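K.L.:
Take a look at the following structure, please.
The values are calculated or read from the model by the stated rules, or taken from the named source; none is laboratory data. Keep in mind that what you see is a predicted model, and the values were worked out from it rather than measured. Methodologically, a virtual Cβ is constructed for each residue, glycine included, from the backbone with ideal geometry; neighbour enumeration extends over all protein chains shown.
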Amino acid sequence: MTAKSIGFIGLGLMGQGFTRRLIERGHGVVGFDLDPAKVAAAAAWGVKPAKSAADVAEACDVILNCVINTAAVEDAATGPRGALAAGKLDGKVFVDHSTTELEATHRIAKALAVRGMMFVDAPVSGGPGAAAAGSLAIMAGGEDRAIAAIADIMRGLGTMTHMGPIGTGQATKLVNQTLVLTNYCVLAEALRLAQSYGVDARKIPEALKTGHAGSNLLAAAFPQMIDEDFAPRGFARQVLKDLEMLQAAARDQHLAMPMASQALTLFRLLVAGGKSELDACAVVSLYPKPH
């Protein structure tokens, strides 16, 4: 592989956006997913198929990983056919863009370091659209040497902030999820309030954008909630997974997070109601429409 070749593990909604952007930026991309259909689909826009995460790590010096949960991250990194099973790893970098439990993040980093492979926890915010556009917020934890090795690649994907040592990227993502995932619920309540009083809710994002209530999530989510457009930009089940992770992290530090706890209850209800494959905006469906 050329020096510009980048490995990518996980070709779901986020991985599709990532790999399209990388190829657009002139990189060669070697990709793997447990679902052969996703590997085949990605080949259509230029991703070279690999048969395992180990094959990706064998072929490339920088391996980006974006998979569904902590167990999948551990499998991709240290599983029987994960990156650790590749040959020479010294000087290579494994970058985890997933939202991963902190304990596992440290465990993975230590296991890879034994083989000389650097590790960066670099979860992202912005969704598949931002991945494709190169406008992600990237929260990175890792050694200076590892951050320097990936800086040019990350500049093409969004804005990377080096938060500190390994683990601080994932800790920052928990802060992000506290703000974002509770906000879905707040926006749903705000929409029903506007509708109850006959306000044209489509005007709300424009009316509020220059004040403190304005946000990019308001502009994106309000129209989806109004139209009941719940096609997944991300899945409700993923939101629930992240809120459960947030709850566990708060418990470990004896933190009271009542707003996040309420959001967790709402997304548990949403998923229990059979809506796990819908977008997070579907949380509005839990709130009765005004008569």
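K.L.:
Residue pairs, Cβ under 6 Å, 6 or more apart or interchain, first in the range 259-272 and within 15 Å of ARG237 (Cβ to Cβ), second modelled with pLDDT of 95 or more and not hydrophobic (A, V, I, L, M, F, W, C). List them.
P.N.:
Partner pairs satisfying both residue conditions: ALA263/THR182; LEU264/GLN247; VAL271/ARG237.
K.L.:
From the residues in the range 216-228 that are touching a residue at least 24 places away in the same chain (Cβ under 8 Å) and surrounded by 14 or more Cβ atoms within 10 Å (Cβ to Cβ), which one is farthest from ALA194 (Cα to Cα)?
P.N.:
It comes out as LEU217.
K.L.:
Of the residues that sit in the range 229-250 and are surrounded by fewer than 16 Cβ atoms within 10 Å (Cβ to Cβ) and aliphatic (A, V, I, L, M), which one is nearest to ARG192 (Cα to Cα)?
P.N.:
Ranking the qualifying residues of the range 229-250, first place goes to ALA231.
K.L.:
Mind checking whether some residue in the range 251-258 is on the phi > 0 side of the Ramachandran plot and either free of Cβ contacts under 8 Å to residues at least 40 places away in the same chain or surrounded by fewer than 19 Cβ atoms within 10 Å (Cβ to Cβ) (or both)?
P.N.:
Yes: the range 251-258 contains one or more residues that are on the phi > 0 side of the Ramachandran plot and either free of Cβ contacts under 8 Å to residues at least 40 places away in the same chain or surrounded by fewer than 19 Cβ atoms within 10 Å (Cβ to Cβ) (or both).
K.L.:
Do you know which residues across the range 18-34 are over 26 Å from LEU84 (Cβ atoms) and either without any contact (Cβ under 8 Å) to a residue 12 or more places away in the chain or in a helix (DSSP H, G or I) (or both)?
P.N.:
Scanning the range 18-34 gives ARG20, ARG21, ILE23, GLU24.
K.L.:
Ok, one more. For residues that are over 23 Å from ALA71 (Cα atoms) and either small (Gly, Ala, Ser) or not assigned by TED's automatic domain parsing to the domain that holds ILE153 (or both), tally how many sit in the range 7-34.
P.N.:
Looking only at that region, the number is 2.
K.L.:
Take ASN176 and decide whether it is under 24 Å from ARG21 (Cα atoms) and among the polar types (S, T, N, Q).
P.N.:
yes
K.L.:
Moving to a separate point now. Working only within the range 120-145, note down all residues that are within 16 Å of ASP61 (Cα to Cα) and surrounded by fewer than 24 Cβ atoms within 10 Å (Cβ to Cβ).
P.N.:
ARG145 - this is the single residue of the range 120-145 that is within 16 Å of ASP61 (Cα to Cα) and surrounded by fewer than 24 Cβ atoms within 10 Å (Cβ to Cβ).
K.L.:
Which of the residues spanning the range 156-180 are under 18 Å from LEU64 (Cβ atoms), assigned to a loop (DSSP other than H, G, I, E, B) and either in contact with a Leu (Cβ under 9 Å, 6 or more places away or on another chain) or without any contact (Cβ under 8 Å) to a residue 24 or more places away in the chain (or both)?
P.N.:
GLY156, LEU157
K.L.:
Those residues that are within 15 Å of the chain's Cα centre (by Cα) and either of a type outside the set (A, V, I, L, M) or not in a strand (DSSP E or B) (or both), I need them from the range 106-132; list them, please.
P.N.:
ASP121, ALA122, PRO123, SER125, GLY126, GLY127, PRO128, GLY129, ALA130, ALA131, ALA132
K.L.:
Just to be sure I understand the filter: pairs with C-beta atoms under 7 Å, separated by 6 or more residues or on different chains, first member in the range 35-51 and in the same structural domain as ALA76 (by TED's automatic domain parsing), second member exposed (fewer than 15 other Cβ atoms within 10 Å of the Cβ). Which pairs pass?
P.N.:
Correct list of pairs: PRO49/ALA43.
K.L.:
List the number of the failed condition for ASN183; all other conditions in (1) more than 25 Å from LEU243 (Cβ to Cβ); (2) assigned to a helix (DSSP H, G or I) hold.
P.N.:
(1)
K.L.:
Need the failing condition index for ASP75 against (1) free of Cβ contacts under 8 Å to residues at least 40 places away in the same chain; (2) closer than 26 Å to GLY234 by Cβ; (3) in contact with a strand residue (DSSP E or B) (Cβ under 9 Å, 6 or more places away or on another chain); (4) surrounded by fewer than 19 Cβ atoms within 10 Å (Cβ to Cβ), just the number.
P.N.:
(3)
K.L.:
If I go through the range 105-134 residue by residue, how many of them are of a type outside the set (Lys, Arg) and without any contact (Cβ under 8 Å) to a residue 24 or more places away in the chain?
P.N.:
Counting residues in the range 105-134 that are of a type outside the set (Lys, Arg) and without any contact (Cβ under 8 Å) to a residue 24 or more places away in the chain gives 2.
K.L.:
Here's a follow-up. Examine the range 97-104 for a residue that is over 22 Å from LEU13 (Cβ atoms), among the β-branched types (Val, Ile, Thr) and crowded, with 20+ Cβ neighbours inside 10 Å, and state whether such a residue exists.
P.N.:
Scanning the range 97-104, I find no residue that is over 22 Å from LEU13 (Cβ atoms), among the β-branched types (Val, Ile, Thr) and crowded, with 20+ Cβ neighbours inside 10 Å, so the answer is no.
K.L.:
Is it true that some residue in the range 221-241 is within 27 Å of ILE68 (Cβ to Cβ), at pLDDT below 95 and among the small types (Gly, Ala, Ser)?
P.N.:
Looking for residues that are within 27 Å of ILE68 (Cβ to Cβ), at pLDDT below 95 and among the small types (Gly, Ala, Ser), one finds at least one in the range 221-241, hence yes.
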